[in-house]
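S.K.: Structure provided below as structure tokens; questions to follow.
The values are calculated or read from the model by the stated rules, or taken from the named source; none is laboratory data. Note that the structure is predicted; figures quoted are calculated from it, not measured. Glycine gets a Cβ as well: all are built from the backbone with ideal geometry, and neighbour counts include every protein chain shown. Note: accessible area is taken over every heavy atom of the protein model, side chains too, but ligands, DNA and RNA are not part of it. Shrake-Rupley method; radii C 1.70, N 1.55, O 1.52, S 1.80 Å.
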Amino acid sequence: MLLVRFATPSSPAASVGVLDGDTVTTLDGVGSLAALWRLPIADLRVVVSAPTGPALPIDRVTLLPPVDGGTEVWACGVTYKVSEEARVEESERAASVYELVYDAERPELFFKSVAWRVVGDGEPIAVRADSRVDVPEPEVAVVVTAYGEIAGYTVCNDVSSRTIEGENPLYLPQAKAYLGACAVGPGIRPAWEVPDPYALPVSMTIERNGGVDWSGTASTGQLRRRFDELVSFLLRADMFPDGAVLSTGTCLVPAAPWTLCAGDVVRIEIGGVGELANPVVEGVEAMSWLADARDDVRLRAAGRPAP
Ligand code: DO4
Ligand code: MG
């Protein structure tokens with residue numbers, strides 16, 4: 001079962017439902033996913049286990065990113081050895097900050113995106129026009145309720161500029177948070193359906209000119225921290241009344257000077273959680289449809305490449 005947000009041709013507003021096989025069953029009376037994250041997990045489980053609304057075939061709806069309302073996306077950095085090594089390599093003058101944070105008690109956490117900027121499965125991600133080396137970062141993201149419980153898991157692509165972060169780690173927000181830098185989806189796998197989140201296979205394939213240009217595999221077994229440890233730092237001095245999505249760090253980094261390019265397609269698969277695919281565009285103009293679609297989710301179709 002995946003908890004999903006979706007658009008139908010008849011409404012400018014998104015619906016929330018449960019995807020099982022090829023059928024989406026609407027969760028009547030649930031106006032947003034954020035409304036689910038306002039519940040304690042025991043109550044949330046009751047609500048999603050017995051959907052009563054209309055059932056629709058998956059090919060009659062458009063899935064939307066599973067992040068809405070006041071739900072924020074945050075991310076963790078340098079939680080896998082491979083990420084530490086990649087940052088040390090790209091950041092000659094400030095390499096030690098990455099070595100220190102990998103071993104430190106306090107993890108690196110950073111703000112990634114408000115809900116409206118998040119793209120979903122099939123929607124474009126972007127590389128910045130002022131960056132030379134850019135990478136997709138395939139990550140397991142946990143969905144945290146207002147009560148700090150892990151309600152589920154999803155796939156996040158923490159698209160990043162290596163040029164900008166490599167120049168100076170203080171540029172991290174510019175390397176990490178811009179229009180087209182955050183993809184999440186296709187839906188949320190409830191936590192009670194993920195028996196061992198520390199044994200999830202993660203794979204990423206990047207297609208270019210009709211072939212595979214880069215591919216790699218890893219596992220959440222290589223994560224240096226625990227998911228609940230990362231969540232506890234997120235909540236130390238903050239509240240998330242609409243819940244939060246916390247992306248838990250990348251376990252795959254294409255070696256420099258490899259860079260993501262407009263026209264590529266990034267496919268990330270996390271076993272038991274989902275598959276997220278996004279074509280790549282360059283620059284802010286190519287992503288401006290996101291702002292237009294804030295009041296009418298049907299306009300999101302304008303941002304998708306023709307099938
Ligand atoms: O310190 C930079 C961020 C690293 C990151 O995003 C990751 O490890 O996934
Ligand atoms: Mg990352």
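S.K.: Would you check if residue 120 is more than 16 Å from ligand 2 (Cβ to nearest atom) and at pLDDT 95 or above?
M.R.: yes
S.K.: Just one of 298, 267, 226 is closer than 21 Å to residue 150 by Cα and of a type in the set (D, E, K, R); which is it?
M.R.: 226
S.K.: So residue 59 passes all but one of these: (1) open to solvent by 50 Å² or more (accessible area, probe 1.4 Å); (2) under 16 Å from residue 121 (Cα atoms); (3) touching a Phe, Trp or Tyr at 6+ places or on another chain (Cβ under 9 Å). Which condition number does it fail?
M.R.: (3)
S.K.: Restricting attention to segment 277-307, report how many residues are in contact with a helix residue (DSSP H, G or I) (Cβ under 9 Å, 6 or more places away or on another chain), farther than 29 Å from residue 209 by Cα and either part of a helix (DSSP H, G or I) or open to solvent by less than 70 Å² (accessible area, probe 1.4 Å) (or both).
M.R.: Number of matching residues: 3.
S.K.: Here is a check on your reading of the model: is residue 236 more than 16 Å from ligand 2 (Cβ to nearest atom), of a type in the set (Lys, Arg) and closer than 26 Å to residue 130 by Cα?
M.R.: no
S.K.: Could you check how many residues of segment 127-152 are within 16 Å of ligand 2 (Cβ to nearest atom) and either in contact with a Lys or Arg (Cβ under 7 Å, 6 or more places away or on another chain) or more than 13 Å from residue 74 (Cα to Cα) (or both)?
M.R.: Looking only at that region, the number is 9.
S.K.: Considering each residue of segment 131-154, count those that are open to solvent by 40 Å² or more (accessible area, probe 1.4 Å), closer than 21 Å to residue 253 by Cβ and in contact with a Gly (Cβ under 9 Å, 6 or more places away or on another chain), and give that number.
M.R.: Summing the residues that are open to solvent by 40 Å² or more (accessible area, probe 1.4 Å), closer than 21 Å to residue 253 by Cβ and in contact with a Gly (Cβ under 9 Å, 6 or more places away or on another chain) in segment 131-154 gives 0.
Every residue, every condition in (1) open to solvent by 60 Å² or more (accessible area, probe 1.4 Å); (2) closer than 24 Å to residue 157 by Cα; (3) at pLDDT 95 or above, yes or no:
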site: 9; (1), (2), (3): yes, no, no
site: 15; (1), (2), (3): no, yes, yes
site: 19; (1), (2), (3): no, yes, yes
site: 27; (1), (2), (3): no, no, yes
site: 51; (1), (2), (3): no, no, no
site: 54; (1), (2), (3): yes, no, yes
site: 77; (1), (2), (3): no, yes, yes
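S.K.: Here's another thing I want to ask about it. Take residue 242 and tell me if it is in contact with a strand residue (DSSP E or B) (Cβ under 9 Å, 6 or more places away or on another chain), at pLDDT 95 or above and open to solvent by 10 Å² or more (accessible area, probe 1.4 Å).
M.R.: So residue 242 fits the description; yes.
S.K.: Under 6 Å by Cβ, and 6 or more places apart or on different chains, what pairs join a residue from segment 76-99 that is more than 12 Å from residue 225 (Cβ to Cβ) and of a type in the set (Val, Ile, Thr) with one that is within 14 Å of ligand 2 (Cβ to nearest atom) and assigned to a helix (DSSP H, G or I)?
M.R.: Close Cβ pairs (under 6 Å, with a partner that is within 14 Å of ligand 2 (Cβ to nearest atom) and assigned to a helix (DSSP H, G or I)) amount to 88/98; 97/169.
S.K.: Right, another one. Return only the number of the condition from (1) within 22 Å of residue 280 (Cβ to Cβ); (2) in contact with a Phe, Trp or Tyr (Cβ under 7 Å, 6 or more places away or on another chain); (3) away from ligand 1 (no atom under 11 Å from the Cβ) that residue 165 does not satisfy.
M.R.: (3)
S.K.: Could you list, ordered by first residue, the pairs with Cβ atoms under 8 Å in which the first is in segment 244-260 and outside any loop (DSSP other than H, G, I, E, B) and within 14 Å of ligand 2 (Cβ to nearest atom) and the second is open to solvent by less than 10 Å² (accessible area, probe 1.4 Å) and of a type in the set (S, T, N, Q), at least 6 apart or interchain?
M.R.: These pairs meet every condition: 245/71; 245/154.
S.K.: While we're here: Could you tell me which numbered condition residue 152 fails, if it satisfies all but one of (1) small (Gly, Ala, Ser); (2) in a loop (DSSP other than H, G, I, E, B); (3) closer than 15 Å to residue 66 by Cβ?
M.R.: Only one criterion is unmet by residue 152, namely (2).
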